[in-house]
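The values are calculated or read from the model by the stated rules, or taken from the named source; none is laboratory data. Keep in mind the model is a prediction, meaning the values are calculated, not measured. Backbone-built Cβ (ideal geometry, glycine too); neighbour counts: all protein chains shown.
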Amino acid sequence: MVFEKVRQIICEEFDADEYAVTPNAELEADLGIEDTDLIDLVMSLEDEFEVELPDEALAEIVTVGDLVNYIEDHAAIESDEDE
């Protein structure tokens, strides 16, 4: 599931509480992920999901759910990937 993997990456990279990382959690306001931190997160997500997150898309992404939706819509995710 995309959300679970995104949550895992956020928790590992930013030492966030997994219960705080919800689809409605705002990246900056709730999780403290600032613009400079977002670059590292984007790189990790691009590697993990084989997707490109252009600056124009990032301008529209506010919540964890926004990230998940973008990845689900644009990534090359195999249907048998149930890890």
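Please determine whether any residue of segment 3-21 is assigned to a helix (DSSP H, G or I), of a type in the set (S, T, N, Q) and farther than 19 Å from residue 69 by Cβ. No: zero hits. When 73, 40 are checked against the criterion of being within 21 Å of residue 1 (Cβ to Cβ), in a helix (DSSP H, G or I) and at pLDDT below 95, 73 stands alone in meeting it. Each residue in segment 31-55 was checked for being free of Cβ contacts under 8 Å to residues at least 24 places away in the same chain and aliphatic (A, V, I, L, M), and 6 of them qualify.
Among residues of segment 16-30 that are touching a residue at least 40 places away in the same chain (Cβ under 8 Å) and surrounded by fewer than 14 Cβ atoms within 10 Å (Cβ to Cβ), those with a Cβ under 8 angstrom from a residue that is β-branched (Val, Ile, Thr) and not in a loop (DSSP other than H, G, I, E, B), sequence gap 6+ or separate chain, pair up as 24/63; 24/64.
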